[in-house]
Each structure stands twice: as C-alpha cells, then as structure tokens.
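Trainee: First, the structure itself, so that you have it in front of you.
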Amino acid sequence: QALESGEQWDELQKMAGFVLSHTQLSDRQRAWGVYYAGRVFLEKGEGRLALAYAREAANEMPSEIRPQILLSLAGQRFGNSMRAEHILYNLLGKNPDNLDVHLALARANEISGHWPAARAWYRKALSLKPADPALISKIALMYWLEGDAENAIAEFDDHFHSRKAHED
C-alpha cells in the first residue's frame, strides 16, 4: 500500500511512535509498529533507522512477507544489495504469485537504475493485477527513463485502446 503525501507519512510515523511507546501491546502489535516505523524511515531516506527497524520487524515476524520485503528494500538502498536480492528471490520462490514480491523486485531494479529489469518485473506484476493504471504508468516510465519515448507512449495507447474496446 503506497502512501504518497508527506502528511500521510507523518501520520504513519506518529502512529508507529505511539505503538512503540506503549508497553501493553502484544509482541505482534509491537512488531507491526516496528515494521511501519521502518517503512517511514525508508521513505524518508534515513538508512540507519530504516535498516534497524526492518531487521527487527523481519526477525520478529519471519513468516510475514511485508517485513521481509522491507528488509530487502532497506538493505538494497542502504546496505548490502546482494543480500537484499537474495531475500527477494527467496520470497519469490516461496510466493511466485505474490504481487508485493513482484513489485518489490521491480522497485529494487528501478532504484538501481536497471530500467529493463524493472519494466519486466512491473509487467509480471501487471499480469497478476491486469489493467492496473499505476503499473501501466510504471512500465511506461521505465521506457521513458531508457530514452524510449515511442514505447512509453505506446504503452499508454495500447492500454487506452484495449480498455476503450472493452467499453464499446
């Protein structure tokens, strides 16, 4: 779930702080608070804190996918990219149809500037969530970042024309 405005991130950070400051929570509730704090710090670019919270959340909830993805993305951005890639491919092997894992692989490649690989992962995610406008936009953006404006525009046109044909 993407939170896009700074105001939402601030609210999420306040919520994570609130959860973390209360001692009467279950271990699971606290672990999710740690996870959300890690997400906030990742998005704000605070690497040391993002990695610390991501590691704790992943250790506390080893069977949950989202904390493992967070650890991978934080690791890729602020730590060990080889380990991060290993985590994501391990998750993919166990969860081949999980949209979040495909999106994490796409985002990891996007962050690294590997536009063709990112585009391929966004396309695989699109196969799991067909006609998602955000995914179509990401695929077009990857073409654009590669300097391929023609295919970027075609990606939108193909989606628009196929959608219009279904509406007619």
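Trainee: Please state the relative contact order of segment 93-134 as a whole percent: Cα pairs under 8 Å, 6+ residues apart? Walk me through the numbers on the way to the answer.
Mentor: Values: 28 pairs, mean separation 15.7, N = 42.
Value for segment 93-134: 37 percent.
Trainee: Please list, in order along segment 65-82, the HN-Hα scalar couplings obtained from phi with the Karplus expression 6.51 cos²θ - 1.76 cosθ + 1.60 (θ = phi - 60°), rounded to whole Hz, x for Gly and Pro.
Mentor: Coupling constants for segment 65-82: 6, 4, x, 5, 5, 4, 4, 5, 5, 5, x, 5, 7, 10, x, 9, 6, 5 Hz.
Trainee: Using only protein heavy atoms and a 1.4 Å probe, report how much of Arg55 is accessible, in Å² to the nearest 10.
Mentor: 130
Trainee: Which whole-number value in Å² is the accessible area per residue of segment 40-168, probe 1.4 Å?
Mentor: Details: 7310 Å² over 129 residues.
Using a 1.4 Å probe on heavy atoms only, each residue of segment 40-168 averages 57 Å².
Trainee: Roughly how many Å² of Asp132 are accessible to a 1.4 Å probe, to the nearest 10?
Mentor: 20
Trainee: R0 = 25 Å: FRET efficiency of Leu128 with Leu25, Cβ-based, nearest 0.05? Provide the component values of the computation, followed by the final result.
Mentor: On the way: r = 33 Å, r/R0 = 1.34.
That gives a FRET efficiency of 0.15.
Trainee: In percent, how large is the relative contact order of segment 44-168, given Cα pairs closer than 8 Å and 6 or more residues apart? Intermediate results must be reported in sequence, preceding the final value.
Mentor: Details: 126 pairs, mean separation 17.2, N = 125.
Computed value for segment 44-168: 14 percent relative contact order.
Trainee: Quick check: with the 1.4 Å probe, what order do His114, His159, His102 take by accessible area, largest first?
Mentor: Details: His114 95, His159 40, His102 15 Å².
Largest accessible area first, the residues go His114, His159, His102.
Trainee: Would any residue of segment 93-120 have its amide N under 14 Å from a label point 7 Å out along Cα→Cβ of Asn151? List them or say none.
Mentor: From segment 93-120, the list is 114-120.
Trainee: Note the full-extension length gain between Trp144 and Asn80 as 0.36 nm times their separation in residues minus their Cα-Cα distance, in nm to one decimal. Working shown, then result.
Mentor: Working: separation 64, 0.36 × 64 = 23.04 nm, distance 2.82 nm.
Gain on extension, Trp144 to Asn80, equals 20.2 nm.
Trainee: Can I ask one more? Give the accessible area for Met82 in Å² (nearest 10); use a 1.4 Å probe, count only protein heavy atoms, and leave out ligands, DNA and RNA.
Mentor: Here the accessible area works out near 140 Å².
Trainee: In segment 121-163, carbon and sulfur make up what percent of the accessible area (probe 1.4 Å)? Don't skip to the answer; put the middle values down first.
Mentor: Numbers: 1550 of 2620 Å².
In segment 121-163, the share of accessible area belonging to carbon and sulfur is 59 percent.
Trainee: If Phe78, Phe41 are ordered by their accessible area, calculated over protein heavy atoms with a 1.4 Å probe, which sequence runs from highest to lowest?
Mentor: Working: Phe78 70, Phe41 25 Å².
Accessible-area ranking of Phe78, Phe41, largest first: Phe78, Phe41.
The values are calculated or read from the model by the stated rules, or taken from the named source; none is laboratory data. No experiment lies behind these values; they were computed from the predicted model shown. Methodologically, a virtual Cβ is constructed for each residue, glycine included, from the backbone with ideal geometry; neighbour enumeration extends over all protein chains shown. Keep in mind that these areas ignore ligands, DNA and RNA; they rest on the heavy atoms of the full protein, side chains included. Shrake-Rupley method; radii C 1.70, N 1.55, O 1.52, S 1.80 Å.
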